[in-house]
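S.K.: Pasting a structure below so you can have a look.
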Amino acid sequence: MNEFLKFFDEKRQVFPMHLEIYYSKIMDWCIRIWKEGMAKDYPGSLTSGDDAVLVQVNSTDMELCFAMAHVALKEWLFEHDGGY
């Protein structure tokens, strides 16, 4: 979890994005990262209205959820932003 949060903090300083982390007994651990109003700028990316969704993962295992989000964010940046 710490590695993911450190990585996110580093990247958000040069590549602004939003992060939401939550837990519910119905959906378990959920992590969502998005760029507000940027859906048109990243064709092929998941979207939610006008937002580009970079990462959307959930898991019953907190550590696994953070690891999945870390990998998914790096893959998205590699595919859509030329790397990380």
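The values are calculated or read from the model by the stated rules, or taken from the named source; none is laboratory data. Predicted model, so just to flag it, every value in this text is computed and none were measured. Side chains included, ligands, DNA and RNA excluded: accessible areas come from the protein's heavy atoms. Shrake-Rupley method; radii C 1.70, N 1.55, O 1.52, S 1.80 Å.
S.K.: Picking from 14, 55, 71, which is most flexible by a Gaussian network model of the chain using Cα springs under 10 Å?
M.R.: 14
S.K.: Can you compute 3J(HN,Hα) from phi for each residue in the stretch 38-52, using the Karplus curve 6.51 cos²θ - 1.76 cosθ + 1.60 with θ = phi - 60°, rounded to whole Hz and x for Gly and Pro?
M.R.: Karplus values, whole Hz, x for Gly and Pro: 10, 4, 5, 7, 10, x, x, 7, 4, 10, 9, x, 8, 8, 8.
S.K.: In square angstrom, rounded to the nearest 10, how much accessible surface does residue 41 have for a 1.4 Å probe?
M.R.: About 90 Å², ignoring ligands and nucleic acids.
S.K.: Per residue of the chain, what 222 nm ellipticity follows from adding -39500 (n - 2.57) for every DSSP H run with n ≥ 4, rounded to the nearest 500?
M.R.: Only helices count here, giving -12000 deg cm²/dmol.
S.K.: Give me the one-decimal Kirkwood hydrodynamic radius in Å for the chain, with the sum taken over alpha-carbon pairs.
M.R.: About 13.0 Å, per the Kirkwood formula over Cα pairs.
S.K.: Give a residue-ordered list of calculated ³J(HN,Hα) values for the stretch 17-29 (Karplus: 6.51 cos²θ - 1.76 cosθ + 1.60, θ = phi - 60°; whole Hz; x for Gly, Pro).
M.R.: 7, 9, 10, 10, 10, 8, 10, 9, 5, 8, 9, 6, 7
S.K.: Taking 0.36 nm per residue of separation and subtracting the Cα-Cα distance, what length does fully extending residue 36 through residue 78 add?
M.R.: 13.2 nm
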